[in-house]
Structures are given as C-alpha cells and as structure tokens.
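Notes follow the structure.
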Amino acid sequence: MSEKTITVSVNGAYMTRTIEARTLLSDFLRQDLCLTGTHIGCEHGVCGACTVILDGRSARSCLTLAVQADGSEIETIEGQGSVDKLGRIQEAFREHHGLQCGFCTPGFIMAITDLLRHHPLETDEEIREALSGNICRCTGYENIVNAVRELAKERGPLE
C-alpha cells in the first residue's frame, strides 16, 4: 500500500491527511473529511453528482485522485450555505422548486457556481448546454433552468 500526505484547503480550512495514493477525491471528501454532501452517482464522471470546485473550476471528484488535489483549494456544497442561511444558488433552487429528491442538487449547485463565475449564460439554450453535464432523473430540468436564468440576470454575490 502506497501512502501520501496531502494538504488541501477545503471551504477555506486547511487540512493535512495521510491517505492511500489511489484514493479518489470523492472518497477523501466523504470518508476522510466527513463531507458527505458530495454525492457519488455513476462513478464514471457522467452524472455530475460528485462535482466540486477545484482551484476555481468545476471538477468531477469521482475521476480525480485526492493526491492530484494536493496543494489545491476545494469548494464543496458544505461551503455554499447552511440550513439556517442558504447560499444564493440554494435559495434560487428553493424559490423555483429546482429539486425533488435532491441527490443531484449538490453537483448542480457546484456546477452552477462555476458557470456563473465564468460564463454569461444569456439564453435558455446556453443554460441548458452549460448544464448538460449534470443529470437529474426527477425534475425535468425546467425549474433548474428557471433558477439559473434568475441567477444569471442578477449577477450579484453568490453568498
């Protein structure tokens, strides 16, 4: 067994852990750091449920080794808000009924965070294309698109 010590910043807090070199970032977040909001869906990078922000860009944590994130800044759904104070994207999902079972929601919120930071998303077509890497089996996407449309128009702070 090959082990490696890594240090990462997760939601603004620095953490150092010794892990097996083959540990996936999704497993590291969920098992080693107890941040279970990052969901594991397909384990092939297709569904987007495991999306996190890695050094400012969205990444599939089920396709990334934790050792690849050594020295990186990671944002997870836990850094987006709390039960008492939802983040702006979470609030938009609530306002527009953009979730049902909620399994895909953390991945969508993290992907949307990246998209709003880097893309104009001016039309519904652009929004749908931008979100095509995330799968939801419950909502039909319309309410998710409505939430993102509102957020794209606001372009205010996401906190």
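The values are calculated or read from the model by the stated rules, or taken from the named source; none is laboratory data. What you are looking at is a predicted structure, and each value in this text was computed from that prediction instead of being measured. Neighbour counts run over all protein chains shown; Cβ positions are idealised from the backbone, glycine included.
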Give the residues of the range 70-85 that are more than 15 Å from the chain's Cα centre (by Cα) and either of a type in the set (A, V, I, L, M) or under 16 Å from A147 (Cα atoms) (or both), sorted by residue number. V83
Unmet requirement for R128, which otherwise passes all of (1) basic (K, R); (2) assigned to a loop (DSSP other than H, G, I, E, B); (3) surrounded by 13 or more Cβ atoms within 10 Å (Cβ to Cβ): (2)
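Quick one: in the range 88-97, of everything that is in contact with a helix residue (DSSP H, G or I) (Cβ under 6 Å, 6 or more places away or on another chain) and in a helix (DSSP H, G or I), which residue is farthest from H39 (Cα to Cα)?
Residues of the range 88-97 in contact with a helix residue (DSSP H, G or I) (Cβ under 6 Å, 6 or more places away or on another chain): 89, 92-93, 96-97.
Cutting the leftovers down to in a helix (DSSP H, G or I) gives us 89, 92-93.
Working: I89: 18, A92: 20, F93: 18 Å.
Only one residue fits best here, namely A92.
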Selected residue (criterion: nearest to R137 (Cα to Cα)) from residues of the range 1-41 that are touching a Cys at 6+ places or on another chain (Cβ under 9 Å), of a type outside the set (G, A, S) and in contact (Cβ under 8 Å) with a residue 60 or more places away in the chain: H39
I'd like the residue in the range 28-73 that is of a type in the set (D, E, K, R), under 25 Å from E3 (Cβ atoms) and out of contact with any Ser or Thr (no Cβ under 7 Å at 6 or more places or on another chain) and, out of all such residues, is modelled with the lowest pLDDT. E43
Conditions first: (1) modelled with pLDDT under 95; (2) in contact with a Cys (Cβ under 7 Å, 6 or more places away or on another chain). G107 passes all but one, so which condition is the exception? (1)
Can you say whether R137 is out of contact with any helix residue (DSSP H, G or I) (no Cβ under 8 Å at 6 or more places or on another chain), at pLDDT below 95 and not assigned by TED's automatic domain parsing to the domain that holds L29, as far as the supplied structure shows? yes
Check off (1) charged (D, E, K, R); (2) assigned to a helix (DSSP H, G or I); (3) surrounded by fewer than 19 Cβ atoms within 10 Å (Cβ to Cβ) for K85 and give me the number that stays unchecked. (2)
Count of residues meeting criterion [among the polar types (S, T, N, Q), surrounded by fewer than 16 Cβ atoms within 10 Å (Cβ to Cβ) and assigned to a helix (DSSP H, G or I)] in the range 131-155: 0
Given the conditions (1) of a type in the set (S, T, N, Q); (2) at pLDDT 95 or above; (3) more than 30 Å from T18 (Cβ to Cβ), every one holds for T76 apart from (3)
Subset of the range 112-125, residues polar (S, T, N, Q) and loosely packed, with under 13 Cβ neighbours inside 10 Å, comes to T123
